[in-house]
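Let me begin by presenting the structure, written as structure tokens, before commenting on it.
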């Protein structure tokens, strides 16, 4: 899907392509790819790299375009993880900015909702995109932390591995986030000293905010990852202990049920016994069985085994 935007105290949609605008491309079709490579002269090699889910963050320069590829977070993915990262390509020419992403994401709507954007300065607009990316990472990190808290509550009383699998998927999300954030941080350091930034009057305060926000996101991801790694080992022991408690309770119940079974079997044999001719023999044996079982329950409860 391709959308066209211009800025006038807020982003406004355009019906067709025009100069000095922003083109947002999401999950492009074959016809849209032909439009980008044909009419707009986007290098096909760069477009292929941007649409590669595993492409790293980097910059590239040719005669017409200055290309920046960053890693952005997305909610949901085809491999079952709740969060992942994908590349976002930013292509810059003299009178046009194109953003290309292989999948739908929340970054583009957040940029469109922005009101304070220096759209006439390409470097400032790129830094604004970086800032929105860092904020999106931190928002998703908070969501991961909330979901991990919910999983912890289930793990405290769980005897299954399903919750551990959920925790493992969350840990994988954090690994992807940390790797992508670090690559973005290296890219920012490279951009800061690039000719693209130095040749334009960039807002230094905005650039500092972007670097600070990105590093803050890295710290958050590292903290959550360290905590979760420790919790994985702890909760694996918790699940094993919960299972042992269940097995112990089942063993105690089995022993208690064996007491009346043993007594009933003993007096049910076809041999003479003191209760064979007693009219109250059945009741007496029943009382003895219940009393023995009650004593067993009392004994196990006293030892906190039941």
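The values are calculated or read from the model by the stated rules, or taken from the named source; none is laboratory data. Fair warning: this is a prediction, and the values are worked out from it, not measured in the lab. Positions of Cβ are backbone-derived with ideal geometry, glycine not excepted, and every protein chain shown enters the neighbour counts.
Within this structure, residue 92 passes the test of being over 30 Å from residue 151 (Cα atoms), touching a helix residue (DSSP H, G or I) at 6+ places or on another chain (Cβ under 9 Å), at pLDDT 85 or above and surrounded by fewer than 21 Cβ atoms within 10 Å (Cβ to Cβ). Step by step: first the residues of region 71-83, then only those that are out of contact with any helix residue (DSSP H, G or I) (no Cβ under 6 Å at 6 or more places or on another chain) and under 19 Å from residue 110 (Cα atoms), then the one that is modelled with the highest pLDDT. Which residue is that? Looking at the filtered set, the residue picked out is 74.
For region 118-134, the count of residues that are surrounded by 15 or more Cβ atoms within 10 Å (Cβ to Cβ), without any contact (Cβ under 8 Å) to a residue 24 or more places away in the chain and under 23 Å from residue 225 (Cα atoms) is zero. Entry remark, region 43-60: residues being touching a residue at least 12 places away in the same chain (Cβ under 8 Å) and more than 15 Å from residue 88 (Cα to Cα) number 1 in total. With respect to residue 288, is the statement that it is modelled with pLDDT of 80 or more, surrounded by 12 or more Cβ atoms within 10 Å (Cβ to Cβ) and out of contact with any strand residue (DSSP E or B) (no Cβ under 7 Å at 6 or more places or on another chain) true? Criteria not met by residue 288. Checked against the criteria, residue 55 does not count as in contact with a strand residue (DSSP E or B) (Cβ under 7 Å, 6 or more places away or on another chain) and modelled with pLDDT under 85. Restricting 68, 144, 151 to residues that are in contact with a helix residue (DSSP H, G or I) (Cβ under 8 Å, 6 or more places away or on another chain) and at pLDDT below 85 narrows the list to 151.
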